[in-house]
Amino acid sequence: QVQLVESGGGLVQAGGSLGLSCAASIRTFSSYTMGWFRQAPGKEREFVAAISWSGGPTNYADSVKGRFTMSRDNAKNTVYLRMNSLKPEDTAVYYCAAAAKYLPAETVHYDYWGQGTQVTVAS
C-alpha cells in the first residue's frame, strides 16, 4: 500500500524559513515525479513545485520561484521542500503527491497523496 507522510510543518514568522519532508512507501519511488501542493482555507488546492524522477528537472509555481527549493533523495524515498523568505500568504496545508506523468502541475495527474502538514506564517 502506498503511503506518503509529510513532516516539518509549523509556525514561523514572516521572512523566516521552514523545511518540509515527505517520506514515501512506494516500491518504484525513483520512477515517479513528486510534487508539493498547498491549500489555504476557502481556496482550491494549488501547485507549488514538482521534481522529476531523477531529481534534475523541476517545476515551480511563479509565486514561490526563487524562494522555495524542492529536492529528493531516491535512496531514502524522500522529497524535501525548503521554504525561505516566507510570507503570510504561504500559510496553508502542504501536501506531498506522486505522479507517473512527467512534471505535471495539475492535481488530476497525481496518483497518490499524503495527509498534509500545516504551515502558518505569522505577520
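The values are calculated or read from the model by the stated rules, or taken from the named source; none is laboratory data. Only a predicted model underlies this, so the values are computations on that prediction, with no experimental measurement involved. No Cβ is skipped: glycine too gets one built from the backbone with ideal geometry, and neighbour counts run over all protein chains shown. SASA here: full protein model, heavy atoms, side chains in, ligands and nucleic acids out. Shrake-Rupley method; radii C 1.70, N 1.55, O 1.52, S 1.80 Å.
For the reader, a short list of remarks on this structure follows.
- In segment 112-123, residue nearest to Ser52 (Cα to Cα) [restricted to those that are touching a strand residue (DSSP E or B) at 6+ places or on another chain (Cβ under 6 Å) and part of a loop (DSSP other than H, G, I, E, B)]: Gly114
- Only residues that are without any contact (Cβ under 8 Å) to a residue 60 or more places away in the chain and open to solvent by 70 Å² or more (accessible area, probe 1.4 Å) were counted in segment 43-52, giving 3.
- Pair list, Cβ under 6 Å, 6 or more apart: segment 94-113 residue within 19 Å of Glu6 (Cβ to Cβ), other residue surrounded by fewer than 17 Cβ atoms within 10 Å (Cβ to Cβ) and among the β-branched types (Val, Ile, Thr): Tyr112/Val2
- Among the numbered conditions (1) open to solvent by 60 Å² or more (accessible area, probe 1.4 Å); (2) at pLDDT below 95; (3) touching an Asp or Glu at 6+ places or on another chain (Cβ under 9 Å), the only one that Gly55 does not meet is (1).
Each row is one residue, and each column tells you yes or no for (1) modelled with pLDDT under 95; (2) open to solvent by 10 Å² or more (accessible area, probe 1.4 Å).
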site	(1), (2)
Leu18	no, yes
Ser63	no, yes
Arg72	no, yes
Met83	no, no
Ala97	no, no
Leu103	yes, yes
Tyr112	no, yes
Ala122	no, yes
